[in-house]
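Take a look at the structure set out below.
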Amino acid sequence: MSSTSPSQTLPAETIDRITQAVHAGFEEQTQFLADFVRIPSLRFEEGPAQDFMADALRRRGYKVDDWTINLSDLAHLAGFGPIFGDFSRARSVVGSHHPKTVKGRSLILQGHLDVVPTGPAEMWSDPPFDPVIRDGWMHGRGSGDMKAGTVAALFALDALARAGFEPAATVHFQSVIEEESTGLGALSTLQRGYRADVAVLPEPSDFTINRAQIGVLWFNLRVRGRPVHVAVAGDGSNAIMASYDVLRALQGLEAEWNERAAQDPVYKDVPHPLNFNAGKIEGGDWASSVPAWCDVACRMGVLPGQDLDAAKAQIEACVAAVSRDHPFLSNNPPEVVWNGFQAEGYVLGPEVDPALSVMQQSYEQVFGEGEVLVENKMTALTDTRFYGLYYDIPAFCIGPKAQNIHGFDERVELASVRDLTVILALFIAQWCGLNPVED
Ligand SMILES: [Zn+2]
């Protein structure tokens, strides 16, 4: 058997063999994905899902590094976002492949296994953590975002082995948490020292490449105070009603920032790229008591290149301005507590182009010659920013077709998962090169 050096087009016979190997393993892959989706890996409860991944990596013979994240190791690093919550059991898992002979370029494959809350289960057609397959789609929280992509990366490596090869370069398979709230899982792998020539994150993208992504700031708006007696209270003396006035002012800031985005070199053609969201509200204690407190969990988008400290100062100034002449807030100025994402935007630079051309080649080998990978500009964010902005590792996403991520009845199309698995296997083969494995 001859070996293949990187960046040469694979012989048709090898492409066939790899494709067949993916197809031969796809039933097992689908079962594995269902088992993975069944584990409700919500924030601060990711342990069992990390165990599942670490076991799968160990069984396959990868060198597994499974560690507890220490926040004090990360707090000084660029991109850090503060966490309030029990982080004592938070872990990262990396499975590494080191080849017998190095011929090609190294690779990080990263998947996050944290999932966002389901919302009321009765609003789902099926229980969110009991995956069912209907009309070729697997339903369940996390099926699309992004367990299907992570599993595709794992089974792409399996397919290469089944076809009689190993990647001819180091591959780190990284299973992380916190992607949906701070990105500290990805940051922890970088702090631990994992590096490669490119990082590929199979987030659900319907095979588009994310050319750009915005940044995100999370904060809690905390309104506290002693309202005046209910007998003389207007709306202004009520912490819940007062918080609405602040939220309306923040919507004004959102509109201002989007006007500025119309001049942005990257985002000028994207309508309303920066979204403010009041995502969760809590307040008050009793229907007949004027509420003295209200907490709103907020999210605001920022443009790539927009200075985060300046953006935060503007948000704080906006809250201060609306409070100044307000009947309740002037005596009880609300607090802005920065909590979670403190994330800059990220635009793919030209250094990623060699990896993108290998991805383009792999894409054509699956979908046909002349089929072109489409690039898009996201109005959300991914972990790619840590690799690209702070560690000089070009990073991009490509993933399967999913619907209703972060919503009800999240689902992923299995045919797209299978195609993605072939694309990733061919990408690994052509980026890392292949060594034959004699048995
Ligand atoms: Zn995701």
Checking Val200 against (1) outside any loop (DSSP other than H, G, I, E, B); (2) closer than 28 Å to Val337 by Cβ; (3) out of contact with any Lys or Arg (no Cβ under 8 Å at 6 or more places or on another chain); (4) modelled with pLDDT of 95 or more, the condition it does not meet: (2)
Per-region count, segment 267-307, residues more than 21 Å from Ile214 (Cβ to Cβ) and out of contact with any helix residue (DSSP H, G or I) (no Cβ under 9 Å at 6 or more places or on another chain): 4
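I need the strands (runs of 3 or more DSSP E) fully contained in segment 310-413, keeping only those with at least 3 residues that are closer than 27 Å to Phe84 by Cβ.
By residue number, 335-343.
Got at least one residue in segment 58-79 being more than 16 Å from the ligand (Cβ to nearest atom) and under 17 Å from the mean Cα position of the chain (by Cα)?
Step one: filter segment 58-79 for residues more than 16 Å from the ligand (Cβ to nearest atom), giving 58-79.
Retained after the next criterion (residues that are under 17 Å from the mean Cα position of the chain (by Cα)): 79.
Within segment 58-79, one or more residues are more than 16 Å from the ligand (Cβ to nearest atom) and under 17 Å from the mean Cα position of the chain (by Cα).
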Residue list for segment 101-159, filter: within 27 Å of Leu190 (Cβ to Cβ), basic (Lys, Arg) and out of contact with any Pro (no Cβ under 9 Å at 6 or more places or on another chain): Lys147
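Have a look at Gly164, Gly149, Gly142 and point out the one that is within 14 Å of the ligand (Cβ to nearest atom), at positive phi, in contact (Cβ under 8 Å) with a residue 60 or more places away in the chain and not basic (Lys, Arg).
Gly142
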Residue pairs meeting the criteria (Cβ under 9 Å; at least 6 apart or on separate chains; first closer than 12 Å to Asp383 by Cβ, in segment 189-206; second among the hydroxyl-bearing types (Ser, Thr, Tyr) and within 14 Å of the ligand (Cβ to nearest atom)): Ala199/Thr384; Leu201/Thr382; Leu201/Thr384; Pro202/Thr150; Glu203/Thr382; Glu203/Thr384
Residues (in a helix (DSSP H, G or I) and more than 20 Å from Gly279 (Cα to Cα)) located in segment 123-143: Ser143
Residues satisfying the stated conditions in segment 206-227, i.e. in a loop (DSSP other than H, G, I, E, B), more than 24 Å from Phe276 (Cβ to Cβ) and either within 15 Å of the ligand (Cβ to nearest atom) or within 24 Å of the chain's Cα centre (by Cα) (or both): Asp206, Phe207, Thr208
Lone unmet requirement of (1) modelled with pLDDT under 95; (2) surrounded by 14 or more Cβ atoms within 10 Å (Cβ to Cβ); (3) hydroxyl-bearing (Ser, Thr, Tyr) for Ser2: (2)
For Thr118: the one exception among (1) within 16 Å of the ligand (Cβ to nearest atom); (2) part of a helix (DSSP H, G or I): (2)
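Looking at segment 292-309 only, could you name the residues that are of a type in the set (Gly, Ala, Ser), farther than 20 Å from Thr384 by Cβ and under 25 Å from the mean Cα position of the chain (by Cα)?
If we filter segment 292-309 for residues that are of a type in the set (Gly, Ala, Ser), which is where we start, we get 292, 297, 301, 305.
Now narrow it down to the ones that are farther than 20 Å from Thr384 by Cβ: 292, 297.
Residue satisfying the conditions is Ala297 alone.
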Number of the condition not met by Val417 [criteria: (1) more than 16 Å from the ligand (Cβ to nearest atom); (2) crowded, with 21+ Cβ neighbours inside 10 Å; (3) among the β-branched types (Val, Ile, Thr); (4) within 21 Å of Glu28 (Cβ to Cβ)]: (1)
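The values are calculated or read from the model by the stated rules, or taken from the named source; none is laboratory data. Quick caveat: nothing in here was measured; it's all calculated off a predicted structure. FYI the Cβ positions are ideal-geometry reconstructions off the backbone, even for glycines, and counts take in every protein chain you see.
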